[in-house]
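Let me begin by presenting the structure, written as structure tokens, before commenting on it.
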Amino acid sequence: MAAAVPIPAPAPAADDEIVYESMPCIRIYKNRVERYFGSEFVAASAHADAATGVASRDRVISPEVSARLYLPRIDPAKPDNAKLPVLVYYHGGGFCLGSAFNPTFHAYFNNLAALAGVLVVSVEYRLAPEHPVPAAYADSWDALAWVVSHAAPAAAGFEPWLADHADFARLYLGGESAGANIAHHVAMRVGAEGLPHGAAIHGLLMIHPYFLGTDKVASDDLDPAARESLASLWRVMCPTTTGEDDPLINPFVDGAPGLDALACRRVLVCIGEGDVLRDRGRAYYDRLRASGWSGEADIWQAPGKGHTFHLLEPCCEEAVAQDKVIAEFLNN
């Protein structure tokens, strides 16, 4: 009897070639993306959230960009409450995950808007790799331009909450992780180009910013595998990148715009003691203060906590403390 000839396994189809994965969150194939986290949807609370009194609504800004707005309860007996600080916020997720309409962010902003008494504009930008970086920066700029347009009478795409309640003298940009990276670049663009209608960025909120670099920092060793995953992620999200010393991911590298041009008066950097990106955030604070920038910077560290812990454990002691620091920053 002749020996059986082994039949070779078929080569994987090109569509099944994995380019990047970070399980259990995302798997990126050569020709498709499977997201397992961050894409869940929850409806806005038009009649105010029962626990916080915060109302929310969704607005389409352009075919590419939309946003969810959060308005805290206005006390009619206190006219001063009618005009509120505005936080334009960019969610994180490595440029490829997350949504302004996700239940995690919806709960977070219901609580933050109530605690801080701010009007939040949570931006929905296009995600990579389908829309590679720098698409997120362009979308985020368009969202800010739409918000600022309400500083002029009879704004196009009129949104009553912004027209009636936004204090454009107290305009903030913010984000966590990749969203903090986006907020930094939007603030730098404001410094280069300015804003119309006399609007200006009062403050910049940087929560666990996603920055990299070929220079080694101590927190790289907290989790070497996670650190390498972040580097690989960046190369996939921005296929035209020159690497970790691209000014888009390393704002300290030679050739990057000087931090002294940052267009705001105040900056708050929040970091986690156990976050592999901790020392990149600390470097941002240190470099900004040493740059000749004329504003005021503060830094706050959550003891023992990792990257974006406040979204995973919103009721823990450290998350509550961080929320209070952020609320104070937004009302200073």
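Every read-out reported here was derived from the displayed coordinates using simple, explicitly stated rules and does not represent laboratory data. Since the structure is predicted, the reported quantities are computational estimates derived from the model, not experimental observations. Here the Cβ is made from the backbone with ideal geometry for all residues, glycine too, and neighbour counts use every protein chain on show.
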(message) Test of understanding: ordering Trp234, Trp300 by Cβ neighbours within 10 Å, fewest first, what list do you get?
(response) Trp300, Trp234
(message) Is the C-alpha gyration tensor of the range 179-332 telling us rounded, prolate or oblate? Criteria: a/c under 1.5 is rounded; beyond that, a/b larger than b/c is prolate, otherwise oblate.
(response) oblate
(message) If you split all Cα-Cα distances of the range 29-134 into 5 Å bins from zero, what percentages do you get per bin, shortest first?
(response) 2, 12, 21, 22, 17, 11, 7, 4, 2, 1, 0, 0
(message) For the range 255-331, what does the relative contact order come out to in percent, with C-alpha contacts under 8 Å and a separation of six or more?
(response) 34 percent
(message) Below 8 Å, C-alpha to C-alpha, sequence gap of six or more: please give me the relative contact order for the chain in percent.
(response) 15 percent
(request) Note the count of lysine pairs whose C-alpha atoms are less than 26 angstrom apart in the chain, limited to pairs 8 or more residues apart or on different chains. (result) 4
(message) I need Ile201, Ile207 ordered by Cβ neighbour count within 10 Å, fewest first.
(response) Ile201, Ile207
(request) Estimate the FRET efficiency between Met23 and Ala138 by the formula 1/(1 + (r/R0)^6), using the beta-carbon distance for r and 25 Å for R0, to the nearest 0.05. (result) 0.25
(request) Within the set of other residues whose C-beta is less than 11 Å from the C-beta of Cys316, count the net charge using Lys and Arg as +1 and Asp and Glu as -1. (result) -3
(message) Checking the a/c ratio against 1.5 first, then a/b against b/c, what shape does the Cα gyration tensor give for the range 80-165?
(response) oblate
(message) Please compute the length gained on full extension between Glu228 and Glu273, using 0.36 nm multiplied by the number of residues separating them and subtracting their Cα-Cα distance.
(response) 14.3 nm
(request) Before anything else, pin down the relative contact order of the range 215-289: Cα pairs under 8 Å, at least 6 apart, normalised by residue count, whole percent. (result) 39 percent
(request) Using label points projected 7 Å from each Cα along Cα→Cβ, tell me how many nm separate Ala290 and Arg126, to one decimal. (result) 3.8 nm
(message) If N is the number of residues in the chain, what value comes out of its Cα radius of gyration divided by 2.2 N^0.38 Å?
(response) 1.06
(request) Sum up the charges of everything whose Cβ sits under 15 Å from the Cβ of Val60, counting Lys and Arg as +1 and Asp and Glu as -1, but leave Val60 out. (result) -2
(request) Count charges around Lys305 for me, please; just the other residues with Cβ under 11 Å from its Cβ, Lys/Arg as +1, Asp/Glu as -1. (result) -4
(request) Return the Cα extents of the range 234-299 along principal axes one, two and three, sorted largest first, each rounded to a whole Å. (result) 35, 30, 16
